[in-house]
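Everything below concerns the one structure shown next.
The values are calculated or read from the model by the stated rules, or taken from the named source; none is laboratory data. Fair warning: this is a prediction, and the values are worked out from it, not measured in the lab. Because the Cβ atoms are built from the backbone with ideal geometry, glycine has one as well, and the counts that use them run over all protein chains shown.
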Amino acid sequence: MTSSDVGRPIHGKGLPSTRELFGAKDESIRDRVSQRIVELGIPNLRVVAASGERMLYSRDQSEIPRILKTFAFRTHPDAVVQPLSVEALSAVLRHALSEGTTVVPRGAGSSPFGGSVPVMGGIVVDMSRMDAILEVDEDDKTLTVQAGARWADIDHELSKSGLRVPTCPSSKFSTVGGWIATGGLGINSYSKGHLSANVLALELVSPDGVVRRLSQADPEFAQVFGSEGQLGVVATATIAVAEIPKVGGPHLLLFDSSKEALEFAGKVLASDVEPGHVIYESESKIRLVSGALGGEHLRMLDAVVVSLECQESEERFAKLLKKLGASEQKEYVARYLWNERFFPMKVRTEGPGMLGAEVLIPTKKLGGAMDGATAACKAMGLDPMFEVHYLPDGEALMLCFFLADQGNTFAYTVDAFKSLVLTRLLIDAGARPYSIGIWNHAFSDHLDRSEREALERLKAKLDPLEIMNTGKYFALSGRWAGLGGKIFDPRIMKPVLEVIVKLPPLSFSLLGKLSGLLRERFEPRRRDRIVAIADECAMCGSCVSVCPAYQLTGDERVTARGKLITAKAMAGGFPISREHAHRIFLCMRCKACEQVCQSKLALIPAFEEFEGVLEKSFGKDAKEIERFLRFAERSPVYDALIADGLVVGAPRHEQGGELRDV
Amino acid sequence: MYERYHIPMKIVEPRAPRIPEFTISRADNCINCGRCEQACIYGVHKRSESDPREMADPVNHLCKNCFRCVAECPQRALTMSNGAEYCSLGRGVWTPLRISTIWGEAETGKIPVFGAGYSGMFSGPHFDGMWTDMSEIVRPTRDGIHGREFISTSVDIGRLPLSLQFTPSGALRTELPPLLEIPIPMVLDLTRLRIKSEWMIRGIASAAKHMKTYVFADIDSLTQDMLSDYGDCIVPVIPPGKDVSTIELPNGTGMVELTVETSWKNDSKTLLSRFPEMVVSFRVKARKGIEDTVLEMLDRDIAVAHIDYDDDGEEHGASKRHASESLLAIHSKLVSVGRRDAITVMAGGGLAAAEHVPKSILCGADIVSLDKALLMALECRDCVECAASSCPVDIAAASSEWVEGRVMNMVGAWRDQLLEVLGAMGIREVRRLRGEVGRALFFDKLEEEFKAALVGGGRR
């Protein structure tokens, strides 16, 4: 089955019809894998040839410590392709199958678990430019999108019809395909359930290039969710949408202790309030958020945010509060905090850097697990923050984060190990891992056995030659004929972590002492501003999605995230080419990245500084910059971007609001 | 060989930063998209030369207030406002528009163009209430007003004999009084300038020399060098209190000017007898009854009555009659005694725009003298507190070449506008414009007539 009957695209930045890209000077292709794909001459496919550009695909939201990149994994992809059509995607997969090359599907690269990071090279399929919103059916209340469509763009498009997606991930700049493959639990999951309940149908392209249309009735349908790219690449999805509720809003209550807060949340859930979503945030998290908001809007206490979506809920909630004698905070503060649900990584600026664990846990075990984790963190010299999203059926998604300094590689590596210890502790307290990727592979033995076996059977059917995201999920591979990944094997990692977990307080305090020692010993003497900003960056990829230069070049090196990763790579000794350096200058200075940045990083001054450094070593191609600007000014893609507003939905003028409100 | 009178003009750039009429500000939400650059046909918006990815600051003085950039900006980041400094320029008849128009004329020598989008009033007090006849403006021309036909802007200075008498043999018997002729009805008056440096005097004198007109300057401010360089175009002005019976005059122009004060009648007698070959001008402050003073001057054979109005073109003292009315009264009086051509009427003060020249002449002046407008041509900002040391444009330091170029540009542009007016009226000689009140409508008179007709008060 093909996707020809899906309908005409109504929104999309990378539609094949407007695909003409700026011809920046290119590096010659020296790699065999890339060369072979280029030779195929597949239409609507951009092959990323430059090694420097491929480097950007060797990580996702979280950074892989250098020691692991050197000794454990081959994270640098052999080739990266950006398909713009389902046909191009099929062709690439068929080619990979015939060559027996590993295919790593990638969305926006905003997950922290490493699911889209190669561990043994291969072809990364970057789906983020297949981002068309194909159809909004206002009568049937359905939405059909290409897998690379981002939730923010979808939300904006739907809002024109008074609609919204029932549930979305906390990263609004992640892709639909990415969330299908990695998780499916997020905002409003409490009331609307798992993503698989809201997606009506999807198209999966399996390695043989066949487009398979799966609907909720198909037994394989549910298995695609959380399959982490093992079965194929999701190409399109049809999602049930709902009207934006006209009544209701977020409510905020503050408590002196986490125990009281959790008790209150429990009472709300047990009552007849039927909230849309409930979030608990620990006092330590509130402290950082309040700092990021730049004011004393919040008292430093444990917080519960309850989102209500109808009149009845509001009335019942008011009654419940009266009964409990609880009083809520001002509405604007509640809205502040509720808005922050989309920016959990903002606090990364404080580290700079953040590590942690994300697990699923029964609500009745929450309190115990949090107490245990807090005690362990304190012993290891960490200050943990908790964020709990309640889910249906007595479960909750728990995020436990702590700040870490990415500027100090050694200390950061130890901190990364501590995050494994933390996950171990939480699992021992009754949790299970949420996503596997690379980091959680050590706990993959805690996945549901029958589900895992069913997935294995389906994979044998769809991907018998095992080219999809090879070396992940079922068994982690890596360098040294796969031995590199073995350190994350549950059979190895489990005893190690168990020893540590079983020997407190000695083991914890030793880890804490080690961190302290490394912090002192390897404290970087000088922190480049651009590298410091790169460490502060949440790597959420929002800047990529709004960058007009990216839409005009298809090259992520021109984006803020691309520039920051380049700066970090250079600081780490990665050699960059002259062409790569000159890509950094292809910027429209539109400040869209600064505007959309959740961490409010001062990007433009950082670019200026970085360009100064690059100009010293590589010169500056003023002609190419000029050519690029004139190309942009003539480009219909650019016209459309500007007409829509680069950051969709953002205020367009000083008074705030949309252009038409003036 | 025939040579048509012509004032050479060339671009003379301003020395000080320009004061733009409109200020465009770019808000922080500008995305440097370049739409404004594409929209603006005047070149206000350009990408920065040092980094073309960013927009340069708007070149405000080029803005013509068309609002296209404001309308086209996808971010609504551009705001246009009236320039604050511009709005506070000048006072009285010296409005920001008039001052900046003179700046433009002095820079380019071109006739300013208003009209497109003109949102002002079509009438106002004094000169603004005068509408000159333009009935001939539709006459088809092949090569424009300046090429089509010869329009003379020459005027005479001195007493014209009212009749000529001849001997039977045909020789002229009438003794002709001294008579001068200049090719434009404009002279330059340095005596009223608030600041003058040697360079300014030299520059303005040099401009007068090139344009074959006269410059009026205090006799004490003139050096021997200046006199030897520009003596033939300088009219020395003798300040009050000098003993005219002993005064030495440089020979050159053949014209001298005194100021009317209590002893003027004696002074004039002394001067006329001492220098019978000289054109003697008397400068008189316009006050109530000025027309009678001019009549007295006529009786004493004074060649030129140089009437001084204040900077707003009004009479001094309590009367506050405007030059347009006052000149008309003088003209009518002279006509009524039948001796209009026996004296040259020169008017100065309040001439702030090119059209004030033909309007003054229409009201009865033979010649106008330009004063404050000269300073404006030199970028003067008409500060209330004026001193060379605190001058915002450091006017005293301007080179004489620059001064000369600016003044010639302005006077040239004013003459061209005079030609336009004459051409539109179908008048070929500026002498014939003098006192031609029938070729103009006076708004206040029309209004009175109209009101009278409405209330049935009858015709006047």
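Could you grab me the full set of residues in the range A:283-337 that are out of contact with any Lys or Arg (no Cβ under 9 Å at 6 or more places or on another chain), among the hydrophobic types (A, V, I, L, M, F, W, C) and within 15 Å of A:V347 (Cα to Cα)?
A:L293, A:L337, listed by residue number.
Show me the helices (runs of 4 or more DSSP H) entirely contained within the range A:13-107 in which 1 or more residues are within 23 Å of the chain's Cα centre (by Cα).
Values: elements: A:32-40, A:51-55, A:66-71, A:86-99.
Those helices (runs of 4 or more DSSP H) span A:51-55, A:66-71, A:86-99.
Based on what the data block shows, is B:V93 more than 14 Å from chain A (Cβ to nearest Cβ), buried (at least 16 other Cβ atoms within 10 Å of the Cβ) and touching a residue at least 40 places away in the same chain (Cβ under 8 Å)?
Numbers: more than 14 Å from chain A (Cβ to nearest Cβ): yes; buried (at least 16 other Cβ atoms within 10 Å of the Cβ): yes; touching a residue at least 40 places away in the same chain (Cβ under 8 Å): yes.
Answer is yes for this residue.
Check off (1) more than 11 Å from chain A (Cβ to nearest Cβ); (2) more than 30 Å from B:D311 (Cα to Cα) for B:I11 and give me the number that stays unchecked.
(2)
Could you please tell me which pairs satisfy a Cβ distance under 8 Å, a separation of 6+ or placement on different chains, a first residue in the range A:425-440 that is at negative phi and in contact (Cβ under 8 Å) with a residue 24 or more places away in the chain, and a second residue that is part of a strand (DSSP E or B) and among the aromatic types (F, W, Y)?
From residues that are at negative phi and in contact (Cβ under 8 Å) with a residue 24 or more places away in the chain, there are no pairs.
Looking only at residues in the range B:22-43 that are among the aliphatic types (A, V, I, L, M) and within 14 Å of chain A (Cβ to nearest Cβ), which one is farthest from A:C590 (Cα to Cα)? Quick ask: steps written out before the conclusion?
To start, the set of residues in the range B:22-43 that are among the aliphatic types (A, V, I, L, M) comprises B:24, B:27, B:31, B:39, B:41.
Retained after the next criterion (residues that are within 14 Å of chain A (Cβ to nearest Cβ)): B:27, B:31, B:39.
Working: B:A27: 13, B:I31: 4, B:A39: 18 Å.
Once the filter is applied, the top-ranked residue is B:A39.
Can you find a residue in the range A:449-457 that is polar (S, T, N, Q) and without any contact (Cβ under 8 Å) to a residue 40 or more places away in the chain? So that I can check it myself, show each step before the final result.
Step one: list which residues in the range A:449-457 are polar (S, T, N, Q), which gives A:450.
Filter once more, so that each one left must be without any contact (Cβ under 8 Å) to a residue 40 or more places away in the chain: A:450.
Yes, because at least one residue in the range A:449-457 is polar (S, T, N, Q) and without any contact (Cβ under 8 Å) to a residue 40 or more places away in the chain.
Would you call A:L288 in contact (Cβ under 8 Å) with a residue 24 or more places away in the chain, buried (at least 19 other Cβ atoms within 10 Å of the Cβ) and in a strand (DSSP E or B)? Don't jump to the end; show me each part of the working.
Working: in contact (Cβ under 8 Å) with a residue 24 or more places away in the chain: yes; buried (at least 19 other Cβ atoms within 10 Å of the Cβ): yes; in a strand (DSSP E or B): no.
No: the conditions fail for A:L288.
For the range B:220-320, please list each of the strands (runs of 3 or more DSSP E) lying entirely inside it that holds at least 1 residues being in contact with a His (Cβ under 9 Å, 6 or more places away or on another chain), basic (K, R) and modelled with pLDDT of 90 or more. Give the steps one after another, and end with the answer.
Numbers: elements: B:234-238, B:255-259, B:279-285, B:304-308.
Answer list for the range B:220-320: B:279-285.
Answer yes or no: is there a residue in the range B:44-55 that is free of Cβ contacts under 8 Å to residues at least 60 places away in the same chain, away from chain A (no Cβ under 14 Å) and under 30 Å from A:R630 (Cβ atoms).
Let us first name the residues in the range B:44-55 that are free of Cβ contacts under 8 Å to residues at least 60 places away in the same chain, namely B:44-55.
This time we only want the ones that are away from chain A (no Cβ under 14 Å), so: B:44.
Pick out the ones that are also under 30 Å from A:R630 (Cβ atoms) and you get B:44.
Yes: one or more hits.
I'm trying to understand the selection: among the residues of the range B:76-112, which are part of a loop (DSSP other than H, G, I, E, B) and either of a type in the set (F, W, Y) or farther than 25 Å from B:S324 by Cβ (or both)?
B:R76, B:A77, B:G83, B:S88, B:W94, B:G109, B:K110
Determine whether A:E626 is within 14 Å of chain B (Cβ to nearest Cβ), acidic (D, E) and more than 28 Å from A:V648 (Cβ to Cβ).
yes
Being more than 22 Å from A:R634 (Cα to Cα), modelled with pLDDT under 90 and basic (K, R) is the filter here, so list the residues in the range B:45-95 that pass it.
Residue satisfying the conditions is B:K64 alone.
Yes/no matrix, rows are residues, columns are (1) in contact with a Pro (Cβ under 6 Å, 6 or more places away or on another chain); (2) over 21 Å from B:R98 (Cβ atoms); (3) of a type in the set (D, E); (4) at pLDDT 95 or above:
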| position | (1), (2), (3), (4) |
| --- | --- |
| B:Y2 | no, yes, no, no |
| B:Y5 | yes, yes, no, no |
| B:P8 | no, yes, no, no |
| B:P20 | no, no, no, no |
| B:A27 | no, yes, no, no |
| B:N32 | no, yes, no, no |
| B:G43 | no, yes, no, no |
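Going residue by residue through the range A:598-606, is there one that turns out to be within 12 Å of another protein chain (Cβ to nearest Cβ), farther than 20 Å from B:A39 by Cα and at pLDDT below 95?
Within the range A:598-606, the first condition is being within 12 Å of another protein chain (Cβ to nearest Cβ), and the residues that meet it are A:604.
Pick out the ones that are also farther than 20 Å from B:A39 by Cα and you get A:604.
Next, from what is left, pick out any that are at pLDDT below 95: A:604.
The answer is yes, given that some residue of the range A:598-606 is within 12 Å of another protein chain (Cβ to nearest Cβ), farther than 20 Å from B:A39 by Cα and at pLDDT below 95.
Filter the range A:446-505 for residues that are of a type in the set (V, I, T) and within 24 Å of the chain's Cα centre (by Cα); which is surrounded by the most Cβ atoms within 10 Å (Cβ to Cβ)? Don't jump to the end; show me each part of the working.
Pass one, the range A:446-505, residues of a type in the set (V, I, T): A:467, A:470, A:487, A:492, A:496, A:499-501.
Retained after the next criterion (residues that are within 24 Å of the chain's Cα centre (by Cα)): A:467, A:470.
Values: A:I467: 21, A:T470: 25.
In this case the residue turns out to be A:T470.
Filter the helices (runs of 4 or more DSSP H) completely within the range A:539-599 down to those with at least 2 residues that are buried (at least 24 other Cβ atoms within 10 Å of the Cβ) and of a type in the set (S, T, Y). Don't jump to the end; show me each part of the working.
On the way: elements: A:542-546, A:548-553, A:560-571, A:578-583, A:592-596.
Output list reads A:542-546.
One residue is enough: does the range B:358-368 have a residue meeting the conditions in contact (Cβ under 8 Å) with a residue 40 or more places away in the chain, touching a helix residue (DSSP H, G or I) at 6+ places or on another chain (Cβ under 9 Å) and farther than 24 Å from B:E181 by Cβ?
Checked against the condition, which is being in contact (Cβ under 8 Å) with a residue 40 or more places away in the chain, touching a helix residue (DSSP H, G or I) at 6+ places or on another chain (Cβ under 9 Å) and farther than 24 Å from B:E181 by Cβ, the range B:358-368 yields no hits at all.
Which residue, of B:E277, B:E257, is under 18 Å from B:A342 (Cα atoms) and surrounded by 13 or more Cβ atoms within 10 Å (Cβ to Cβ)? Steps first, answer last, please.
Values: B:E277 fails: surrounded by 13 or more Cβ atoms within 10 Å (Cβ to Cβ).
Matching residue, one of B:E277, B:E257: B:E257.
From the list A:E594, A:E611, A:E615, exactly one residue is modelled with pLDDT of 90 or more, closer than 27 Å to A:L337 by Cα and within 14 Å of chain B (Cβ to nearest Cβ). Which is it? Even if it seems obvious, please write down each step before you answer.
On the way: A:E611 fails: closer than 27 Å to A:L337 by Cα; A:E615 fails: closer than 27 Å to A:L337 by Cα.
That would be A:E594, the only listed residue that is modelled with pLDDT of 90 or more, closer than 27 Å to A:L337 by Cα and within 14 Å of chain B (Cβ to nearest Cβ).
Output the residue which, of all residues in the range B:59-84 that are touching a helix residue (DSSP H, G or I) at 6+ places or on another chain (Cβ under 8 Å) and away from chain A (no Cβ under 12 Å), is farthest from B:S25 (Cα to Cα).
B:R68
Out of contact with any Gly (no Cβ under 9 Å at 6 or more places or on another chain), of a type in the set (S, T, Y) and either within 17 Å of A:S307 (Cβ to Cβ) or modelled with pLDDT under 95 (or both), is that true of A:S258?
Details: out of contact with any Gly (no Cβ under 9 Å at 6 or more places or on another chain): no; of a type in the set (S, T, Y): yes; either within 17 Å of A:S307 (Cβ to Cβ) or modelled with pLDDT under 95 (or both): yes.
When the stated conditions are applied, A:S258 does not pass them.
Specify which of the listed residues (A:A581, A:A569) is more than 14 Å from chain B (Cβ to nearest Cβ) and touching a Phe, Trp or Tyr at 6+ places or on another chain (Cβ under 6 Å). Outline the logic, then answer.
Working: A:A569 fails: touching a Phe, Trp or Tyr at 6+ places or on another chain (Cβ under 6 Å).
The conditions single out A:A581.
Of the numbered conditions (1) part of a loop (DSSP other than H, G, I, E, B); (2) modelled with pLDDT under 80, A:R479 fails exactly one; give the number of that condition.
Just one mismatch for A:R479, condition (2).
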